[in-house]
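Reading through the structure tokens given below for one structure.
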Amino acid sequence: MLLINRIFSNNISIWIFSLLMIVLAIVLHKNNKKKFLYLLPIAVGLIHFIFFSFKGNFYHTKYYYGVFYIALIVMVLPLFIGRFPRIKKIVLPIVTTFCILAGVHTVVQPMVFDSAMRNHTRQGYVKSFISATKDMEKYYSLKDWKKIDMQALREKFLPVMEMAEETQDAGLFAAATVAFGYNFHDGHVIVTVPVYDPWIRCLELLSGNDYGLSMIRLDDGKTVAVNVEEDSPAWKNGIRNKTVITSWNGQPIDEAIEETEFIYVSFTIPVKATEDMFKPIMLATKGMRKNGEKGIIGDLIQNASITDDSQRPHALVGYVDENGDEKELELEALGCGLDRFEMTYLFLDLVEYIQFPDINNLETVMLNDDTAYMARWHEESTTFYDVLSYFTNRNSKVRNMLIDELTQMKNQGMKKLIIDARSNTGGFWSIGIETASLFTNEPFDIAKRGSNVFGKKKIISTVTVPADGRFSDIEVLMLVNHYCVSSGDLLVKMLKKCPNVTVMGLSPSNCSCQEVGGISFLSDSICNIRYPVNWLYEVDEETRCIDTDETRECTLPLDVKVPLTYDLAKSMYDDRKTRDVLLDYALDYLENK
């Protein structure tokens, strides 16, 4: 029953060709004496390769269809051993069995993770984009929950797609697709650009211009300059780190921030309050528009036409000088904004494991006499146990490992535990279930798995956290950030149910938890779009589990928010290579609580 959504969304062409191969194997290897029929597998393979292989993407052609092509070649093997009846008698059933298994494998392989896989690599930019949006219109499982108007989105981005196709600008095509994905406000709608040159061009188009400074908005409401370039025009005119910025391009700073979209690579921030924290960094790359088009469409059209740094637009910045006077300064762009943007954004919430560079996932070590630390990069262990746990929601191997690790720490004096789930990329729910069970004395239901095949909702199973509670006396502090996503989000939700756990961060976790399975490959394999196709509900069987709706309100609020002060930000920029500032903050919190 758990695979019903994946079967429903599976690509029918995969089933047809796999069944055709199985039928061919059985027919050809059952008393067949017509040698010319052995040309059929080769013909099937060629037809499939011509129409269904991934243009410009050998890796995915091999990943999805490698075994399929091998089986078609192997199928011809009996033709060459016809003169050796004894050998043929042994080989025939082996070849037939292999071809049948290969056919089953070709169907099952994408069904596990990429059930709604669609290949549009042989279409042009515009057509492949339209095809991908229609895929999502049919299979994206959060379309109604987030109130997505797919037709309006498609029409919004078509002019940029047409411009990209007319100029054959693969980077613009990729950037527009990334910007399209942003509009879902879903951490599981992921646009990947695997080709290097379009990827770099995409980043440059999205990151705008460098005006010699960046900005952050502090928790006290002030927007201040950071990463100001020494001897730049901004610096020479009195803008320093911590200078208060009052306006940008003629707008009051808060209004300008509100209108900014934080579109960067493939990672989306569903929670509006979290995106608002990072918007000033993106705003600092925006110049005055030369065309009338607002928003990302105007930015992309303007940036795509730049061939030389001298063509970059100026920016108008309002600020308070050292005498307390408000001034306005027009700044020329120094170049592309990518480096300064990334320096400001990534360093503000980047996990580098400075104290434990060689620590493994789920490994636990002592930080001091009474506090232990568990690294939590993802919710995965070993493939066999992980896949099995998808059906059982339990993982005995992880459970035993966690018990051993935490027992050792307790024997060394552990009374407090920091679980570092910052940038946790997710994986399988069972690992979070096993973890939470160790900290609760009462079992609890956490979610309901469902389906919506043919538009009819059906609850399939309940996800329950059993009670073990052997470590319920340990004070647990969980560190998160907006890169903690998917099963990482579910881990947060489960641990928040445990009375001895406190969740802390500069920002909450991502708030995206529905199971992925959709993937559409676009023109020439320049980029692809991943998206959820399954249904996960809260225990009320009505509300979607964790994922934000159209309001973009956080569903997993922090218990303790780390305040973004200038001193904290400065430490994160200046000390990032020598210490983990947020981990130190967490330690101080536990010691002074």
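The values are calculated or read from the model by the stated rules, or taken from the named source; none is laboratory data. Computed from a predicted structure; not experimentally measured. When we count neighbours, we look across all protein chains shown, and the Cβ atoms used for this are built from the backbone with ideal geometry, even at glycine. Keep in mind that these areas ignore ligands, DNA and RNA; they rest on the heavy atoms of the full protein, side chains included. Shrake-Rupley method; radii C 1.70, N 1.55, O 1.52, S 1.80 Å.
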Could you tell me how many of the residues in the range 30-63 are more than 17 Å from V76 (Cβ to Cβ), open to solvent by 100 Å² or more (accessible area, probe 1.4 Å) and aromatic (F, W, Y)? 3
Tabulated pairs, the range 94-117, first assigned to a loop (DSSP other than H, G, I, E, B), second open to solvent by less than 70 Å² (accessible area, probe 1.4 Å), C-beta under 7 angstrom, 6+ apart or interchain: D114/G517; D114/I519; S115/R6; S115/S9; S115/N10; S115/G517; S115/V533
Does any residue of the range 113-120 turn out to be open to solvent by 10 Å² or more (accessible area, probe 1.4 Å), charged (D, E, K, R) and more than 25 Å from K62 (Cα to Cα)? no
Flagged in the range 362-384 as open to solvent by 10 Å² or more (accessible area, probe 1.4 Å) and over 24 Å from G413 (Cβ atoms), in numbering order, are W377, H378, E380, S381, T382, T383, F384
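Filtering the range 331-361 down to residues that are in contact with a helix residue (DSSP H, G or I) (Cβ under 9 Å, 6 or more places away or on another chain) and under 19 Å from A421 (Cβ atoms), which residue is surrounded by the most Cβ atoms within 10 Å (Cβ to Cβ)?
Kept after step one, since they are in contact with a helix residue (DSSP H, G or I) (Cβ under 9 Å, 6 or more places away or on another chain), are these residues of the range 331-361: 331-345, 347-351, 354-355.
Then drop every residue that is not under 19 Å from A421 (Cβ atoms), which leaves 348-351, 354-355.
Details: L348: 22, D349: 19, L350: 15, V351: 19, I354: 14, Q355: 14.
Among those that are in contact with a helix residue (DSSP H, G or I) (Cβ under 9 Å, 6 or more places away or on another chain) and under 19 Å from A421 (Cβ atoms), it is L348.
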Elements of type strands (runs of 3 or more DSSP E) in the range 410-499, at least 1 residues being modelled with pLDDT under 95, open to solvent by less than 10 Å² (accessible area, probe 1.4 Å) and more than 17 Å from P557 (Cα to Cα): 444-451, 458-465
Search result, residues across the range 378-390 that are in contact (Cβ under 8 Å) with a residue 60 or more places away in the chain and under 21 Å from F444 (Cβ atoms): E379, Y390
Name every residue in the range 515-532 that is hydrophobic (A, V, I, L, M, F, W, C), open to solvent by less than 10 Å² (accessible area, probe 1.4 Å) and under 15 Å from the mean Cα position of the chain (by Cα), in order of residue number. I519, C527, I529
Please work out which residue is modelled with the highest pLDDT, limiting yourself to the range 3-40 and to residues that are closer than 30 Å to K134 by Cβ and in a loop (DSSP other than H, G, I, E, B). N11
Among the numbered criteria (1) in contact with a Gly (Cβ under 9 Å, 6 or more places away or on another chain); (2) over 24 Å from K561 (Cα atoms); (3) of a type outside the set (A, V, I, L, M, F, W, C), which one does H482 miss? (2)
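Before we move on, is A152 among the hydrophobic types (A, V, I, L, M, F, W, C) and open to solvent by 30 Å² or more (accessible area, probe 1.4 Å)?
Judged against the criteria, A152 is a match.
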